[in-house]
Structures are given as structure tokens and as C-alpha cells.
1. The conditions are (1) touching a residue at least 60 places away in the same chain (Cβ under 8 Å); (2) in contact with a strand residue (DSSP E or B) (Cβ under 7 Å, 6 or more places away or on another chain), and Leu57 fails exactly one of them. Which is it?
2. Can you spot a residue in the range 108-127 that is within 20 Å of the chain's Cα centre (by Cα), surrounded by 15 or more Cβ atoms within 10 Å (Cβ to Cβ), in a strand (DSSP E or B) and in the same structural domain as Lys268 (by TED's automatic domain parsing)?
3. So Ala79 fits all but one of (1) more than 13 Å from the chain's Cα centre (by Cα); (2) surrounded by 17 or more Cβ atoms within 10 Å (Cβ to Cβ); (3) aliphatic (A, V, I, L, M); what number is the exception?
4. Just give me the residues in the range 63-107 being outside any loop (DSSP other than H, G, I, E, B) and either of a type in the set (D, E, K, R) or outside the structural domain of Glu260 (by TED's automatic domain parsing) (or both), in sequence order.
5. Could you pull out the residue among Asp234, Asp225 that is loosely packed, with under 15 Cβ neighbours inside 10 Å and either under 28 Å from Asp134 (Cβ atoms) or modelled with pLDDT under 90 (or both)?
6. Kindly establish whether Ile124 is modelled with pLDDT of 80 or more and closer than 30 Å to Glu264 by Cα.
7. Surrounded by fewer than 18 Cβ atoms within 10 Å (Cβ to Cβ), of a type in the set (Ser, Thr, Tyr) and in a loop (DSSP other than H, G, I, E, B): does that describe Thr41?
Amino acid sequence: MEQKKPTKEQVSAYFRKPELKIALPSKGRFYPPGALELDPTGEVDVYPMTAIDELTLKTPDALLTGESTIKVIQSCVPAIKNAWLMPASDVDTLLIAIRIATYGPRMTLTSRVPVTGTQQSHEIDLQKLFDNVDKTVPNNQCLLDNGVKITLTPNNYQQVSLIRRSTFEKQKLARTINDAKLKDEEKQEEFNKIFAELTRINVETLVNNIDSIILPEGSITDKNDINDFIQNVDLKFVTAVRKQLEVINKLGSFESFKAESPEEDVKKGAPKTYQVPILLDNSDFFVS
């Protein structure tokens with residue numbers, strides 16, 4: 001007897017469904033048009049990962065470039081149309097939400113006790129971590145002592161990924177040069193080139209963080225003009241801008257896990273407590 005084939009609609013009833021509905025730390029600010037679609041409540045649905053998503057997070061090259069993180073976020077949070085352009089402040093919150101939606105709120109992580117190196121396992125409550133994320137959007141304007149007002153924007157995920165990759169490559173090159181059989185003067189010349197390139201990246205990043213510079217005479221919005229301004233003003237003004245950017249880029253951050261050292265390790269010189277960082281942007285975080 002031939003079995004009846006279910007319709008597409010009947011099969012789709014078994015597909016994954018949203019497990020969470022969350023508010024983004026950015027409240028949807030700083031997204032370019034078309035990159036995000038919030039629901040009427042200002043929130044986004046979060047779906048559990050698929051088998052393809054899990055495999056994507058195990059691709060080393062894609063992890064280094066950030067491509068795997070982008071694909072998984074767009075798969076599990078369909079409201080985000082272009083995750084490359086999302087403010088970096090939303091990334092950790094989204095990854096925690098996806099982890100909870102897929103595996104539940106409990107997660108085990110390991111650490112080594114300082115001084116002794118004893119390995120410990122800890123079970124953490126990701127829901128508690130998620131609930132404690134500071135979602136207060138800071139002021140994105142910086143008023144300088146000379147009356148100049150600067151409108152700032154946080155790094156998006158694409159910028160952060162490029163900075164990480166460039167820094168990693170320069171550090172790798174520096175180690176290669178240090179181990180190479182070169183004269184000291186030749187090594188110093190190569191190190192100077194790396195330092196100059198890292199300085200350029202830092203300046204370029206700062207320029208990208210500035211939307212506009214408002215002077216009494218008018219506004220500056222062209223990136224070349226903003227670059228000229230940053231390269232030629234007093235250092236104290238640039239320092240003030242960087243401090244405000246640090247405040248903005250802390251949006252969505254969370255505290256590390258506080259672990260206790262075993263009593264026998266404390267007797268050997270280990271601290272009573274120590275901080276354990278929770279790494280989110282890698283495949284280990286998504287291992288059940």
C-alpha cells in the first residue's frame with residue numbers, strides 16, 4: 001500500500017521555530033537602512049541553530065575571517081539582513097541568545113587556576129549572563145572644550161573583523177621577523193614598517209567611527225576631511241574622542257565569570273578567586 005506523501009506545509013510544521021525574542025543592546029541604532037527589520041515591539045526572534053550552522057562554526061578559515069559568525073547570526077536571527085554591518089555591541093548578546101536557543105541556558109567551561117595551573121570545570125547560567133548585559137545606549141556625541149561637537153558611531157562587525165585579522169597578521173609577521181636571521185638594523189626597519197601600518201589602521205578606524213564634526217562654521221562629513229582634522233588637531237581632543245568611543249563600544253559587554261580556587265591551591269599561593277573570560281566568537285562556545 002502506497003504511503004501518502006505529506007505536503008510542504010505539513011512538513012514545514014516540523015521546522016525550527018523561534019525560541020527567544022530579545023531586544024538588542026543597540027536598540028536598532030547604528031544599523032544602515034535595510035540591514036535590520038525590528039518587529040513592532042522593537043525586538044528580534046532568535047531561532048536555534050541547524051546542522052549546517054553547527055558545521056559552519058567548525059570551519060577554521062571562516063572563523064578567522066568572521067564569515068562563520070555572520071552566516072550563523074543571519075540564519076538564526078532572520079531580522080538581521082546584513083550582519084557585517086551590525087554594531088559590534090550586538091554580537092555577544094546575539095551569540096548568547098543563539099546558544100541558549102540551541103542548547104539551553106547551562107554551559108560548562110574550563111579554566112586553570114593561576115599559579116598552580118590546576119584545571120577546573122564550571123557550570124554557568126547563560127540566561128543570568130544574558131539578563132545582566134548592560135543595554136543602556138550611551139550618548140554618541142562628544143563635545144570638545146573648544147565647542148566642536150563630534151558625532152560618533154561604534155565599530156560594526158566588519159570593521160572589528162578586519163582589525164582583528166590585520167592585527168593577527170602583523171603579530172605573526174613580527175614573530176617571523178624576530179626569528180629570522182637578519183641584522184639588528186634590518187629587523188628594526190621591518191618592525192618600524194609594522195608599527196607604521198598598525199598606526200595607520202588605528203587612525204583609519206578612528207576616522208570610520210566619526211560620522212560628522214560640527215564646527216561653528218558648518219559640518220564636516222567627508223572622510224578625507226575628517227582624516228585631515230584628526231591628523232592635525234591637538235592630541236587632547238583626539239583623546240577625548242577615544243574615551244567616548246570606549247564608552248560606546250562597551251555597550252552590550254558582560255562580566256567575566258568569577259571562579260574560586262580550591263583550598264589546597266590557595267595554600268600553594270593561588271588567589272582565592274580569579275576571573276575566567278567567556279569566549280563567544282568561536283566554535284567552542286557552541287559545543288553542546
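The values are calculated or read from the model by the stated rules, or taken from the named source; none is laboratory data. These figures come from a predicted structure and were not determined experimentally. Every residue, glycine as well, gets a Cβ built from its backbone with ideal geometry; the counts of neighbours run over all protein chains shown.
1. (2)
2. Looking through the range 108-127, at least one residue is within 20 Å of the chain's Cα centre (by Cα), surrounded by 15 or more Cβ atoms within 10 Å (Cβ to Cβ), in a strand (DSSP E or B) and in the same structural domain as Lys268 (by TED's automatic domain parsing).
3. Checking Ala79 against (1) more than 13 Å from the chain's Cα centre (by Cα); (2) surrounded by 17 or more Cβ atoms within 10 Å (Cβ to Cβ); (3) aliphatic (A, V, I, L, M), the one that fails is (2).
4. Taking the range 63-107 and keeping what is outside any loop (DSSP other than H, G, I, E, B), we get 63-65, 67-76, 80, 83-85, 87-103, 106-107.
The answer is Glu67, Lys71, Asp90, Asp92, Arg99, Arg106.
5. Values: Asp225 fails: either under 28 Å from Asp134 (Cβ atoms) or modelled with pLDDT under 90 (or both).
Sole residue among the options that is loosely packed, with under 15 Cβ neighbours inside 10 Å and either under 28 Å from Asp134 (Cβ atoms) or modelled with pLDDT under 90 (or both): Asp234.
6. Details: modelled with pLDDT of 80 or more: yes; closer than 30 Å to Glu264 by Cα: yes.
The answer is yes for Ile124.
7. Numbers: surrounded by fewer than 18 Cβ atoms within 10 Å (Cβ to Cβ): yes; of a type in the set (Ser, Thr, Tyr): yes; in a loop (DSSP other than H, G, I, E, B): yes.
Taking the combined requirement at face value, the residue satisfies it.
Quick grid of which residues meet (1) touching a strand residue (DSSP E or B) at 6+ places or on another chain (Cβ under 7 Å); (2) within 13 Å of Ile22 (Cα to Cα); (3) of a type outside the set (A, V, I, L, M); (4) without any contact (Cβ under 8 Å) to a residue 60 or more places away in the chain:
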residue: Asp39; (1), (2), (3), (4): no, yes, yes, yes
residue: Pro48; (1), (2), (3), (4): no, no, yes, yes
residue: Cys76; (1), (2), (3), (4): yes, yes, yes, yes
residue: Ile80; (1), (2), (3), (4): yes, yes, no, yes
residue: Ile96; (1), (2), (3), (4): no, yes, no, no
residue: Thr108; (1), (2), (3), (4): yes, no, yes, yes
residue: Val113; (1), (2), (3), (4): yes, no, no, no
residue: Leu129; (1), (2), (3), (4): no, no, no, no
residue: Lys149; (1), (2), (3), (4): yes, no, yes, no
